[in-house]
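Working notes for the structure below.
None of the figures in this text is laboratory data; all of them are computed from the coordinates on show. All figures in this text were calculated on a predicted structure; none of them were measured in a lab. So basically every Cβ, Gly included, is an ideal-geometry build from the backbone, and we count neighbours across all protein chains shown.
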Amino acid sequence: MSYWTSAFLMSKPFTVKESKNYLMELDQMGVYRLYSGEDGQSHIEELSEDSIKDIKLDGSSMNFSVSQREPGHFSDYHPAPRRRWQVGVVGRTVIGLGDGTSRTFSPGDVRLIEDLTGQGHTTTYPDGYNVTLQVTAPEDIK
């Protein structure tokens, strides 16, 4: 992603030096699944990149979620409102679990979010700016 694309998406001019924290680093992409376990807790598992290479979501709904918050903004425990895929474009996202562990997701990471029941997860946005591409399959659109 170019500096100008990042600046446009964030609707705020900033310098190249400031942009380094927000730009995508695709060589470090990870694939993850956030799901509800039988214990009522959310869990995260890492998937292989090969596990998503043939996925096609015809008729899906796609949107961008763009938010500007104070760096370190925290959302307490909540389950996901619907099953969806997310790809971080700008900014990091930290997901916290009920067992006290957390995982930091970086731009380029792909996440299948499906912890729809139970305690859910916490979310922290350490950078303040966050742009996420969200894709919902037709059967999950409500």
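Worth a mention:
- Scanning region 117-127 for residues that are surrounded by 20 or more Cβ atoms within 10 Å (Cβ to Cβ) and either aliphatic (A, V, I, L, M) or out of contact with any His (no Cβ under 9 Å at 6 or more places or on another chain) (or both) yields a total of 0.
- The set of residues from region 45-97 being polar (S, T, N, Q) and either out of contact with any strand residue (DSSP E or B) (no Cβ under 9 Å at 6 or more places or on another chain) or closer than 11 Å to V135 by Cβ (or both) comprises S60, S61, N63, Q86.
- Scan region 62-116 for residues that are of a type in the set (A, V, I, L, M, F, W, C), in a strand (DSSP E or B) and surrounded by 14 or more Cβ atoms within 10 Å (Cβ to Cβ) and the total you get is 11.
- Considered as a group, the residues in region 27-44 that are touching a strand residue (DSSP E or B) at 6+ places or on another chain (Cβ under 7 Å) and within 14 Å of H121 (Cα to Cα) include one that is surrounded by the fewest Cβ atoms within 10 Å (Cβ to Cβ), and that residue is G37.
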